[in-house]
Amino acid sequence: MKFQVFMKSKVLTAPLLALWFLGLTTPVKAEKETLDLWPTSQWSVDALDTKCRLSRTFGSGENQTVLWIEKGSADAAYNLTLIGRPFRHPFGSKVSVQFAPEPEYERAYLTAKSSAGRPVISLFGAHFTPTPTERDADQDAIVDDKVETVDYGDPAYTSTGAIDFADAAERLRAINQLRLGGALMNPVSLTTGPLEKPLASLHECVTRLEERITRDIENAASPTEPVDIERWAGILQRSYPTQMLREKEEGRIGVNLTIGKDGRPGHCEVLSVVGPTSFNDTVCLLLLRHATFEPARDANGDPLVSRYRTRVTFRLND
């Protein structure tokens, strides 16, 4: 098995720790009672150094759940994080996701524990409606230089069905629930209410973040540079996802890292995907956990938040 890592030119709250991949067993096909959770807080937007976070709390008591929708740039994908007891002990390699009434789709996920010890599920590079890759997940994916790609950063991509905030106000107003199932012990339904206004607030935050980071990069006296890249590239090379290896799947993922003033990635955003979306989580998890950088600095030597883009290829030997 061979794995290649490509580092490209630099462009333009800390991630949860101790994430690990789930067991690779097939979910039990049985009727499960849905846990319906209603909001117990208002939407709030937090402007962090490397990303913006839209959050809301649902339910109460032992089933209290926190939803984070995070973005670090104007690119189309979002990172979703759900924290709470309903996400304990998932069983299987895929969760189902539906921002109802948008179509349901299945995708891989990561699990973790929060700083308070509560179960966590995270999805990197998620969308409000299935991407072509997710709609065609049952088809064999062969990675070569001629394969058709899905580039989330391409504005023309929105015509294929992914929701773009600026052009989809009516569809975002129609969304009323986030439903998750599949690997979960019980399906969970969060009554989100219409997403148009909350996402407008998130995008306003992202616009300000983009402006600040772009301005800092343009005025930086020294750019972001990877540190000890051989070490963390080696970790990537040894980390072919087990499920994808068993299924002989290959993938190529383009990501945008937002590098904090401490030289650590604070946000990982999926820009382009060839192959199953399962690779999204592997790449972002490992880069957030292991990648290190010398931060960009201004003329006084003070560190700045900056960006670094790279592409990672998972390829099997013939």
Looking only at the range 134-152, decide whether some residue is buried (at least 20 other Cβ atoms within 10 Å of the Cβ) and either of a type in the set (S, T, N, Q) or modelled with pLDDT of 60 or more (or both). no
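Of the residues that sit in the range 107-129 and are within 22 Å of L172 (Cβ to Cβ) and not hydrophobic (A, V, I, L, M, F, W, C), which one is surrounded by the most Cβ atoms within 10 Å (Cβ to Cβ)? Outline the logic, then answer.
Looking only at the range 107-129, we keep the residues that are within 22 Å of L172 (Cβ to Cβ), and these are 107, 123-129.
Among the residues that remain, those that are also not hydrophobic (A, V, I, L, M, F, W, C) are: 107, 125, 127, 129.
Values: R107: 25, G125: 28, H127: 24, T129: 20.
Selected residue: G125.
Residue-by-condition table, conditions (1) within 20 Å of the chain's Cα centre (by Cα); (2) within 22 Å of R53 (Cβ to Cβ); (3) not hydroxyl-bearing (S, T, Y):
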position: T207; (1), (2), (3): yes, yes, no
position: R212; (1), (2), (3): no, yes, yes
position: N219; (1), (2), (3): no, no, yes
position: D228; (1), (2), (3): no, no, yes
position: L236; (1), (2), (3): yes, no, yes
position: S239; (1), (2), (3): yes, no, no
position: T242; (1), (2), (3): yes, no, no
position: G254; (1), (2), (3): yes, no, yes
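Does R173 fit the bill of being touching a helix residue (DSSP H, G or I) at 6+ places or on another chain (Cβ under 6 Å), of a type outside the set (A, V, I, L, M), exposed (fewer than 15 other Cβ atoms within 10 Å of the Cβ) and not in a loop (DSSP other than H, G, I, E, B)? So that I can check it myself, show each step before the final result.
Numbers: touching a helix residue (DSSP H, G or I) at 6+ places or on another chain (Cβ under 6 Å): yes; of a type outside the set (A, V, I, L, M): yes; exposed (fewer than 15 other Cβ atoms within 10 Å of the Cβ): yes; not in a loop (DSSP other than H, G, I, E, B): yes.
Answer is yes for this residue.
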Within the range 187-223, can you find the residues that are open to solvent by less than 10 Å² (accessible area, probe 1.4 Å), of a type in the set (V, I, T), closer than 29 Å to Q98 by Cα and assigned to a helix (DSSP H, G or I)? V206
Of the criteria (1) in contact with a Ser or Thr (Cβ under 8 Å, 6 or more places away or on another chain); (2) in a strand (DSSP E or B); (3) crowded, with 21+ Cβ neighbours inside 10 Å, which one V97 fails: (1)
Which one is modelled with the highest pLDDT, of the residues in the range 224-269 that are in contact with a strand residue (DSSP E or B) (Cβ under 6 Å, 6 or more places away or on another chain), open to solvent by 10 Å² or more (accessible area, probe 1.4 Å) and assigned to a helix (DSSP H, G or I)? A233
Qualifying positions in the range 285-314 - part of a strand (DSSP E or B) and either out of contact with any strand residue (DSSP E or B) (no Cβ under 7 Å at 6 or more places or on another chain) or open to solvent by less than 40 Å² (accessible area, probe 1.4 Å) (or both): T292, F293, A296, L304, S306, R307, Y308, T310, V312, T313, F314
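The values are calculated or read from the model by the stated rules, or taken from the named source; none is laboratory data. Note that the structure is a prediction, hence the values are computed from the model and not measured. Methodologically, a virtual Cβ is constructed for each residue, glycine included, from the backbone with ideal geometry; neighbour enumeration extends over all protein chains shown. Please note that ligands, DNA and RNA were not included when accessible areas were found on the heavy atoms of the full protein model with its side chains. Shrake-Rupley method; radii C 1.70, N 1.55, O 1.52, S 1.80 Å.
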